[in-house]
Amino acid sequence: TRLLSIGYFDDEINVAHRVDIQDFDQDDVTRITARYIAPAMKWDSLKDRWLLINCIYRKFYSNSELIEKKDTLDIGKLNFKPIDIKRKQMKPDEMNLDEMREFIRDQIRSGNDPSRWLTDYYSKLAFPFSNFIVVLFGVALASQKKRAGLAMEFGLSLLIAFLYFIFMKIAASFGYAGILHPFISAWLANIIFLIGGIIVILKVRK
């Protein structure tokens, strides 16, 4: 029942600028009940609350409207802190797994589609196994007779690694679009190339 927008956020002093907050009726979410417009909103770390600065407050009734101006207004406890805004400005590559899990929970709670971030989250878990996949193919190639020479084997290994990363990016795009489940899209390259590596090893043994 509350919509909040921020023009930009200064994370050095924890001040949000160009703040617009709209409250809606709990029984009828299409009817606005109050609005707060402020050039700035600062974080009070002692009170653990946000304070609106030079705020224009408008309260809407059935047939009337109340307008007040407040130098400082405590709007009440909002369900986010400065660190949450900083996380929203971070890219997935800059987050650790715990930060990503919290960020995804926030996105779901806000009603946003988390497919893209879930795909990136599962990709962070799946990517370390790429080393095993490449080594698996390397072992299979090294087990063969060196007919083509070392240069050809090295080039083939690079080609396999290149194809793996290309396939991983393509699979991730399906996860972003919601075509595949994020977990499947993140692990699909590993699964396919793992099966391929096992097949190559079995053929080498024969």
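Here are a few things to note about the model shown:
- For the residues Asp28, Asp44, Asp98, a 1.4 Å probe over the protein chains yields an accessible-area ranking, largest first, of Asp98, Asp28, Asp44.
- Rounded to 10°, Cα long-axis angle of helix 182-205 versus longest principal axis of the chain: 10
- Across Val200, Val29, Val15, the residue with the most accessible area heads the list, and the full order at a 1.4 Å probe is Val29, Val200, Val15.
- For Arg105, the solvent-accessible surface with a 1.4 Å probe is about 120 Å², rounded to the nearest 10.
- Among the chymotrypsin sites (Phe, Trp or Tyr not before Pro) in segment 1-92, those placed in a DSSP loop whose Cβ has at most 11 other Cβ atoms within 10 Å are Tyr61.
- In the context of the full set of protein chains, residues of the chain present 65 Å² of accessible surface per residue (probe radius 1.4 Å, heavy atoms only).
- Here's how it looks for Arg49: its modeled amide H is under 5 Å from those of Asp44, which are all 5 or more places away or on a different chain.
- With all protein chains in place and ligands, DNA and RNA left out, the 1.4 Å accessible area ranks Glu68, Glu94 as Glu94, Glu68, largest first.
- A 1.4 Å probe, protein heavy atoms only, puts the accessible area of Lys88 near 110 Å².
- Taking only protein heavy atoms and a 1.4 Å probe, the accessible area of segment 2-88 is 47% carbon and sulfur.
- Helix-only CD estimate at 222 nm, as mean residue ellipticity for the chain, using -39500 (n - 2.57) per DSSP H run (n ≥ 4): -16000 deg cm²/dmol
- Distance violations [Cα-Cα > 32 Å] among Lys69/Lys91; Lys59/Lys88; Lys59/Lys91; Lys47/Lys88: Lys69/Lys91; Lys59/Lys91
The values are calculated or read from the model by the stated rules, or taken from the named source; none is laboratory data. On a predicted model such as this, the values are computed, not experimentally measured, just so you know. Every residue, glycine as well, gets a Cβ built from its backbone with ideal geometry; the counts of neighbours run over all protein chains shown. Ligands, DNA and RNA are stripped out before the accessible areas are found, and what is left, the full protein with its side chains, is counted by its heavy atoms. Shrake-Rupley method; radii C 1.70, N 1.55, O 1.52, S 1.80 Å.
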